[in-house]
Amino acid sequence: MQQNNVNNPSTNNPSTVNTSDINRDDIAAIVAARQEGGLGRTLHDIFIVAWRNMLIDFRNPASLVVSALFATSLLFVFTASFAQVVSPGEGFSGYAQFLLPFAAVQGLLFNTVDIGGFFYNDLENGMDVRLRAMPIARLAAIGGRLLSSGARLLIQLLTIVIAGHFIGFRFQGSPLATLGFFLLPVIFTLSIALIGFYVAVGAKSAETVSAVLNPWILPFTFLSVGYVPVEGFPNWAKPIVTRNPVSILSDAMRAMASGEPALKNVVIISLCSLALCLLFGTLTVRAYQRRI
C-alpha cells in the first residue's frame, strides 16, 4: 500500500489533482443561482459592495473633505455677503437658517458628478467585470454603489449642518422632521446620481459625466429660491423658480428645520425621486448588463 502511494504522485501532491473532474457547467450554475438569490442574499451582497466603496473613501478622504468644504465655503461666503441685504432685520443667523438647506442641496447635487466619475473609473479598470464573475447578486454592483454614495452624502450633509451651527442654524422641529431633513435631500440626490450612472455606462471618458450633468445642475440651482426668496426674481422667472425641484426641496428642508408644515413639498420631492429612480434605474441596469 505504501509503495502504491509513492508511485502515485497525485495522492501526495494536491497540485497535481486532475482538474478535468471539475464540471464547469456546475460551477456556472452555482454562480448563476447565487446571483439570482433571494432578497436577503441580495441585500447582503449590496452591503458588501457598499462597504468596499466606503473603505476606499475612508482610505482616501480627500474627496470627502473637498466635497464638504465646497458647500461649507459657499454657506459662509454667501451668508457674509447677502445676510444684511436679503434679511436685514434678522441678521446672520436668520439668513443662515434660510440659506443652509439650499447650500446643502447644491453641494450634494454637485457631488453627483464625482459619484458618476467613480462609477466610470470602476468600469474602465475592470472592477465590474470581476464583480460579475463572482457569485454575487446581479443588483449588488449598482445597489452597493448607491448605498455607499448615500453614506457619503450623509457625511457631507452632517458636516454642513455642524458648520452652520456656528453661524446660527438651529433645528426647531420634531425629531421626525430632523430625520426628514437629512434623508429627503439624500434620496433626491441619489435619484439624480442614477442619471450619472446611466451616462457613465456608455461614456468614453470620465469628463463626459460632468459635461452632461453640470449644464443641468447649474441652472436648476441658481434659478431657485436658494440665495434669495422668490420675490427677488423677475416676473418671467417666478413660475420656473417656484416649480423648480431644488426650490421645492429647499423649502421642504427649511420647513422641517423650523418645525413648520412640509408635507406637500415632501410628497412632491418623494414622487420626483421615485420617478427618476424607476426611469434611470431601469435604464442603468439594462445598459450595465449589456456592457458587462
Item to check | Sole residue being farther than 25 Å from Ala151 by Cβ, touching a residue at least 12 places away in the same chain (Cβ under 8 Å) and either crowded, with 22+ Cβ neighbours inside 10 Å or out of contact with any Asp or Glu (no Cβ under 9 Å at 6 or more places or on another chain) (or both), chosen from Asn235, Asn244 | outcome: Asn244
Item to check | Meets criteria (part of a loop (DSSP other than H, G, I, E, B), touching a Gly at 6+ places or on another chain (Cβ under 9 Å) and among the aliphatic types (A, V, I, L, M)) for Val225 | outcome: yes
Checklist outcome for this item: Picked from segment 156-165 (must be surrounded by 15 or more Cβ atoms within 10 Å (Cβ to Cβ) and among the aliphatic types (A, V, I, L, M)), the residue nearest to Leu109 (Cα to Cα) is Leu157
Next on the checklist: Between a residue in segment 258-270 that is part of a helix (DSSP H, G or I) and any residue that is surrounded by 13 or more Cβ atoms within 10 Å (Cβ to Cβ) and of a type in the set (D, E, K, R), which pairs come within a Cβ distance under 7 Å, given they are 6 or more apart or on different chains?
Outcome noted: Asn265/Asp251
Next on the checklist: Let me confirm something: among Ser87, Ser63, which residue is in contact with a helix residue (DSSP H, G or I) (Cβ under 8 Å, 6 or more places away or on another chain), at pLDDT below 90 and crowded, with 19+ Cβ neighbours inside 10 Å?
Outcome noted: Ser87
Item to check | Qualifying residue in segment 45-56 (condition: out of contact with any His (no Cβ under 8 Å at 6 or more places or on another chain), of a type in the set (Gly, Ala, Ser), farther than 27 Å from Ile115 by Cα and modelled with pLDDT of 80 or more) | outcome: no
Checklist entry - Of all residues in segment 166-221, which are assigned to a helix (DSSP H, G or I) and of a type in the set (Phe, Trp, Tyr)? => result Phe181, Phe182, Phe188, Phe197, Tyr198, Trp216, Phe220
Checklist entry - Got at least one residue in segment 213-229 being farther than 20 Å from Phe78 by Cβ, touching a residue at least 12 places away in the same chain (Cβ under 8 Å) and in contact with a helix residue (DSSP H, G or I) (Cβ under 6 Å, 6 or more places away or on another chain)? => result yes
Checklist entry - Can you name the residue in segment 45-104 that is of a type in the set (Gly, Ala, Ser) and not in a helix (DSSP H, G or I) and, of all such residues, is farthest from Ile248 (Cα to Cα)? => result Gly89
Checklist entry - Of (1) modelled with pLDDT of 90 or more; (2) surrounded by fewer than 21 Cβ atoms within 10 Å (Cβ to Cβ), Phe222 satisfies all except one. Which? => result (1)
Item to check | Residue that is surrounded by the fewest Cβ atoms within 10 Å (Cβ to Cβ), among those in segment 103-128 that are within 13 Å of Arg145 (Cα to Cα) and β-branched (Val, Ile, Thr) | outcome: Thr112
Next on the checklist: Checking the condition more than 13 Å from Leu109 (Cβ to Cβ) and touching a residue at least 60 places away in the same chain (Cβ under 8 Å), which residue from Gly168, Gly196 passes?
Outcome noted: Gly168
Checklist entry - So Leu194 fits all but one of (1) crowded, with 22+ Cβ neighbours inside 10 Å; (2) over 23 Å from the mean Cα position of the chain (by Cα); what number is the exception? => result (2)
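The values are calculated or read from the model by the stated rules, or taken from the named source; none is laboratory data. Keep in mind it's a predicted model, so treat the numbers as computed, not measured. As a convention, Cβ positions derive from the backbone with ideal geometry for all residues, glycine included, and neighbour counts pool all protein chains shown.
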